[in-house]
Amino acid sequence: MVSKSQRPVDLAREHGLSAQAIRNYEADGVLPAAPRTASGYRVYTERHAAALRAFLALVPAFGHATARTIMRAIVRGEIDAALRTIDAGHALLLRDRETLDSVEIAVPVAAETPPPGRGNLQIGELAHRIGVTPATLRTWEVAGILTPSRDRTGQRVYGADDVRDAQLAHLLRRGGYRLDHIATVAARVRASGGTEALADSLAQWRERLTARGRAMLTAAARVDELLSRSPAEGSPRP
């Protein structure tokens, strides 16, 4: 615990930072403005220490840019704006968890897709295979879920990856998921090089989400500690 009146170097020492980093944070608005001594030296207080702890905890939870936005709002006294940004971060984490859950459900289904050697399908053939209409497949293409190629006549041709993605979409639509959500899942499968590579990455993905969630809990405690302090503490006198 730092004392109530500290120099930049004293505030920095707890976190292994430089005194210049503390001055930069103050200039950037993530720390309250520090009062000055008669000779012009900055004097930091326990509120500055709490603000620094909050900012450094927010970075791994929300990213540097969002952490800066939150802290600037708190320093300006715009607490609702800061909390709204925090809420948005939690909502994003929830959507990421839902996407992961969707992928974990979809991977076994995608793995059952016939290999590429079985040939390409026309739109009517694919629609019949999975039990939807051609219009539905065109809608999924517009949404970014399917990316069929075209033959010389301009007709859509669906390869094995397209069949897999269509099966994923059909499964997830039955589960009530929106098209934009399904497009995210399909993109994740394609970017991972197929279902086998994706399955190998799911555990690491969930670990990252868990770490982010725990970081948000730590950040919440640090922000609450900061908000419990008087906004006037550490501010220069008019």
>> Through the Karplus equation 6.51 cos²θ - 1.76 cosθ + 1.60, θ set to phi - 60°, convert the phi angles of the stretch 63-76 into ³J(HN,Hα) values in whole Hz; use x for Gly and Pro.
In response: x, 5, 5, 5, 4, 5, 4, 4, 5, 4, 5, 5, 4, 6
> Could you give me the ³J(HN,Hα) list for the stretch 212-222, computed from phi with Karplus coefficients 6.51, -1.76, 1.60 and θ = phi - 60°, whole Hz, x at Gly and Pro?
Replying inline: 5, x, 5, 4, 5, 5, 4, 4, 4, 5, 5
>> Given R₀ = 30 Å, what would the calculated FRET efficiency be for TYR41 paired with ARG84, taking r from the Cβ atoms and rounding to 0.05?
In response: 0.25
> Could you state the number of Å between the C-alpha centres of the stretch 146-172 and the stretch 25-89?
Replying inline: 49
>> I need the phi-derived Karplus couplings for the stretch 146-157: 6.51 cos²θ - 1.76 cosθ + 1.60, θ = phi - 60°, integer Hz, Gly and Pro marked x.
In response: 10, 9, x, 8, 10, 8, 5, 8, x, 6, 5, 10
> With each pseudo-label sitting 7 Å past Cα toward Cβ, what's the THR147-GLU14 distance in nm, one decimal?
Replying inline: 4.8
>> If I take R0 = 30 Å and measure r between the Cβ atoms of ALA21 and ALA211 in this structure, what FRET efficiency does the formula 1/(1 + (r/R0)^6) give, to the nearest 0.05?
In response: 0.80
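Please find the FRET efficiency linking ASP28 to HIS128, where r is the Cβ-Cβ separation and R0 is fixed at 45 Å, and quote it to the nearest 0.05.
Values: r = 60 Å, r/R0 = 1.33.
For ASP28 and HIS128, the calculated efficiency is 0.15.
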> Using modelled amide H (1.01 Å from N, peptide plane; none on Pro or chain starts), what sits under 5 Å from the amide H of VAL157, excluding residues fewer than 5 places away?
Replying inline: SER149, ARG150, ASP151
> Ranked highest first by the average count of other Cβ atoms within 10 Å around their residues, in what order do 43-49, 143-149 fall?
Replying inline: 43-49, 143-149
> Which residues' amide hydrogens lie under 5 Å from the amide hydrogen of LEU31, considering only partners 5 or more residues apart or on another chain, with H built in the peptide plane?
Replying inline: GLU26
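A short reminder: the numbers here are calculations on the coordinates, not readings from a lab. The model shown is predicted, which means the values in this text are computed figures rather than measured ones. Positions of Cβ are generated from backbone atoms using ideal geometry, with glycine treated the same way; all protein chains shown enter the neighbour counts.
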